[in-house]
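The values are calculated or read from the model by the stated rules, or taken from the named source; none is laboratory data. Values in this document were obtained by computation on a predicted structure and should not be read as measured data. Using ideal geometry, Cβ is built from the backbone for each residue, glycine included, and neighbour counts are taken over all protein chains shown. What goes into the accessible areas is simple: the full protein's heavy atoms, side chains included, and nothing from ligands, DNA or RNA. Shrake-Rupley method; radii C 1.70, N 1.55, O 1.52, S 1.80 Å.
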Amino acid sequence: MTQETLSQLATEKGIRYFLISFTDLFGVQRSKLVPASSIDTMAESGAGFAGFAAWLDLTPADPDILAIPDRDRLFQLPWQSDIAWMPADIYTSDGDPLLQTPRLVLKRVLAEAKAQGYQVKTGVECEYFLLTSQGDQIADGFDQQSKPCYDQQALMRRYEVIREICDGMQVLGWNPYQNDHEDANGQFEMNWDYADALTTADRHTFFKYMVKSIAEKHGLRATFMPKPFQHLTGNGCHVHISVWNDDNKNLFCDPQGELGLSNLAYQFIAGILHSSQALCAFSNPTINSYKRINAAATASGATWSPNTASYGGNNRTHAIRIPDRDRFELRMGDGSANPYLLQAAMIAAGLDGASQQRDPGPRFDNNNYTDPLPLEKVKQLPGNLLDALRYLEADQILIPRLGEEFVASYLKLKQQEWQHYHQEITPWELTQTLDC
Ligand code: ADP
Ligand code: MG
Ligand code: MG
Ligand code: MG
Ligand code: MG
C-alpha cells in the first residue's frame, strides 16, 4: 500500500497549512508556512531558506539550504487545527546533510547509541513563567508568596491557560500526567511521559511553541528564560534518562545495584560528570544561564539548581539526582537549552562514560546548598558562558562525538555572542564605576 500523501492527510484532517520548521544553533525555530496545495512537492524537495539569515554559521554567499520535514512527527496544532507543524532536517543544495543542524547532531549521537544496542529514552521538565504581554513582570499580581511552590490558588488563577496546554498534549497523545505551580512566583511546570530521545526532543521543541502561542492567545507572555528575575528561582530544564536494549528491557535497572541502578547507569553518570563543564556550553547556553547556576539563594530559600558536578540519591541539591530505581535526572539544564543539543551532548557524555567504563565514585548525601562539597572533591560548574565555551573548546570527548564541524560553528557563533554582550555598558557598571 502506498503511503498517504500529506495533501490527502490535509483533506482528511482539515489541515490548510503546514509549518516546515527547523531549529537553528541558538534554538530559534524558523519556518515556512506552506499551503496544503503545495505541500507534497515542498515536503519532497524541501523548503528553501537563506542560511545566513538563521544561526547556522553560513554566509550570505552560500547557496540556499533545504529543510526536509519529518512527516512521521507531524503535530496538528491543538489550538489552531487548520495548521500542522513538522520538524525538519537541513540539507545543502547538493543534497548533503548540513552537519551543524541540531536535529541531525542528535540523530548522529542516537545512531551511535543504537550501533551499541542502546535505545535512549528521556523525559524533560520545561519550567516557564507567565508574564504580562510586555514581558516585564509576572502577570498575576496576587502571586506573591515567598514559598509559592504548588500554590493552589495561584495555579488555579491560570487554569484557563494550563488546561488548554494540557488538553493539547492529551490530543497529541503525549500522556500528560500533572501540572503545577513551581518555586518562583508566576512559574509553572507541566509533565508528560518520557519517550525515545528524538521524540522527546521534537515534543520539547513543539511544547515551547505551544506554550508561548497559547499564552499569547490569553493575552500573556510565556518565557523559558533561565533567570528572568534575580530574586526568584529560575527556569530549569531537567532531563531524565534511561537506556534500553532492543528487547525493551531497561538496562539502567539492577535490583542488586546501589539504589537499584546498574553499572551502565553509573557509567553514564560518571561520563556526564566527567564532561559536565563542557556540557554546560549546551545545557546552559546563554549569558543569562549563569545567573541561574551558581546563584545566591532565592526568596523561596533555594535556587534548586546545582553549582557542582556531583550526584546524590533523591537529593535535589546536586547536578545529578537518582529519583527512582529506573533512571537518573540531570538538573543542570535550563530553559534556554536547544532541545536537540541538550540531549545530544548529555547522551554523548554518557556514552563516553560507558565506553571508558568510568566510575562516578560514591554518591553524596549532603545538602549542597547549606553544606557545599569542597572543590577538591568535585568540579565546579562554569561561572559564565565564556568559561563554558573555553571548556568546550578544550574538550576531547564531546567534540568527536557531536562532530568537529558542528562544534566549530557553534563555538564561533557563541563566542561572537559573548563579544556582543561584552560590548554592552550596563547600568550596574555605571553605578559601580561612575565615581571611580
Ligand atoms: P521531578 O520533578 O521529580 O524531577 P517530574 O515528574 O516532573 O519529576 O518529571 C519526570 C520526568 O521523567 C517525566 O518526563 C517522566 O516521564 C520521566 N521519566 C520517568 N521514568 C523515566 C525513565 N525510566 N526514563 C526516562 N525518563 C523517565
Ligand atoms: Mg524571497
Ligand atoms: Mg518536575
Ligand atoms: Mg521543576
Ligand atoms: Mg526534576
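Please verify whether region 17-26 includes one or more residues that are more than 28 Å from residue 244 (Cβ to Cβ), among the polar types (S, T, N, Q) and open to solvent by less than 70 Å² (accessible area, probe 1.4 Å). Yes, there is a match, as at least one residue in region 17-26 is more than 28 Å from residue 244 (Cβ to Cβ), among the polar types (S, T, N, Q) and open to solvent by less than 70 Å² (accessible area, probe 1.4 Å).
Using the structure shown, decide if residue 78 is touching a residue at least 12 places away in the same chain (Cβ under 8 Å) and open to solvent by less than 20 Å² (accessible area, probe 1.4 Å). Criteria not met by residue 78. Only a single item in (1) open to solvent by 20 Å² or more (accessible area, probe 1.4 Å); (2) of a type in the set (A, V, I, L, M, F, W, C); (3) within 21 Å of the chain's Cα centre (by Cα) is not met by residue 430, and it is number (3). With respect to (1) touching a Cys at 6+ places or on another chain (Cβ under 7 Å); (2) in contact (Cβ under 8 Å) with a residue 24 or more places away in the chain; (3) under 22 Å from residue 110 (Cα atoms), the lone exception for residue 320 is condition (1). When residue 342 is tested against the conditions (1) part of a helix (DSSP H, G or I); (2) in contact with a His (Cβ under 9 Å, 6 or more places away or on another chain); (3) away from ligand 4 (no atom under 16 Å from the Cβ), the lone failure is (3). Annotation for region 249-263: at least one member residue is under 30 Å from residue 294 (Cβ atoms), modelled with pLDDT of 95 or more and part of a loop (DSSP other than H, G, I, E, B).
Restricting region 96-133 to residues that are open to solvent by 10 Å² or more (accessible area, probe 1.4 Å), more than 16 Å from ligand 1 (Cβ to nearest atom) and touching a strand residue (DSSP E or B) at 6+ places or on another chain (Cβ under 8 Å) leaves a set whose member that is farthest from residue 64 (Cα to Cα) is 132. Going through (1) surrounded by 16 or more Cβ atoms within 10 Å (Cβ to Cβ); (2) in a loop (DSSP other than H, G, I, E, B) one by one, residue 436 falls short only on (1). Please go through region 304-315 and give me each residue that is assigned to a loop (DSSP other than H, G, I, E, B) and either more than 19 Å from the chain's Cα centre (by Cα) or outside the structural domain of residue 253 (by TED's automatic domain parsing) (or both), ordered by number. Matches in region 304-315: 310, 313, 314, 315. Scanning region 293-314 for residues that are over 19 Å from residue 382 (Cα atoms), open to solvent by 20 Å² or more (accessible area, probe 1.4 Å) and more than 15 Å from ligand 3 (Cβ to nearest atom) yields a total of 2. Within this structure, residue 219 fails the test of being more than 22 Å from the chain's Cα centre (by Cα) and open to solvent by less than 10 Å² (accessible area, probe 1.4 Å). Looking at 328, 406, 364, just one residue is modelled with pLDDT of 95 or more, within 16 Å of ligand 3 (Cβ to nearest atom) and aromatic (Phe, Trp, Tyr), and that residue is 328.
Screening the candidates 326, 334 for the property of being assigned by TED's automatic domain parsing to the domain that holds residue 241 and either surrounded by 24 or more Cβ atoms within 10 Å (Cβ to Cβ) or within 11 Å of ligand 5 (Cβ to nearest atom) (or both) yields one hit, 334. Just one of (1) in contact with a helix residue (DSSP H, G or I) (Cβ under 6 Å, 6 or more places away or on another chain); (2) open to solvent by 60 Å² or more (accessible area, probe 1.4 Å) fails for residue 369. It is (1).
Quick check: anything in region 82-95 touching a strand residue (DSSP E or B) at 6+ places or on another chain (Cβ under 6 Å) and open to solvent by 40 Å² or more (accessible area, probe 1.4 Å)? The answer is yes, given that some residue of region 82-95 is touching a strand residue (DSSP E or B) at 6+ places or on another chain (Cβ under 6 Å) and open to solvent by 40 Å² or more (accessible area, probe 1.4 Å). Among the residues of region 263-310, those identified as under 24 Å from residue 399 (Cβ atoms), touching a Pro at 6+ places or on another chain (Cβ under 8 Å) and within 16 Å of ligand 5 (Cβ to nearest atom) are 269, 284, 293.
Anything in region 41-69 that is in a helix (DSSP H, G or I) and either open to solvent by 60 Å² or more (accessible area, probe 1.4 Å) or at pLDDT below 95 (or both)? List them, or say none. Residues satisfying the conditions are 41, 44, 45, 52, 53. Considering only residues in region 226-249 that are surrounded by 17 or more Cβ atoms within 10 Å (Cβ to Cβ) and more than 15 Å from ligand 4 (Cβ to nearest atom), the one that is farthest from residue 129 (Cα to Cα) turns out to be 244. Restricted to strands (runs of 3 or more DSSP E) entirely inside region 140-245, those with at least 1 residues that are within 16 Å of ligand 3 (Cβ to nearest atom) and more than 27 Å from residue 291 (Cβ to Cβ) are 176-181, 187-192. Against the condition farther than 26 Å from residue 58 by Cβ and surrounded by fewer than 15 Cβ atoms within 10 Å (Cβ to Cβ), how does residue 419 come out, does it pass? Taking the combined requirement at face value, the residue does not satisfy it.
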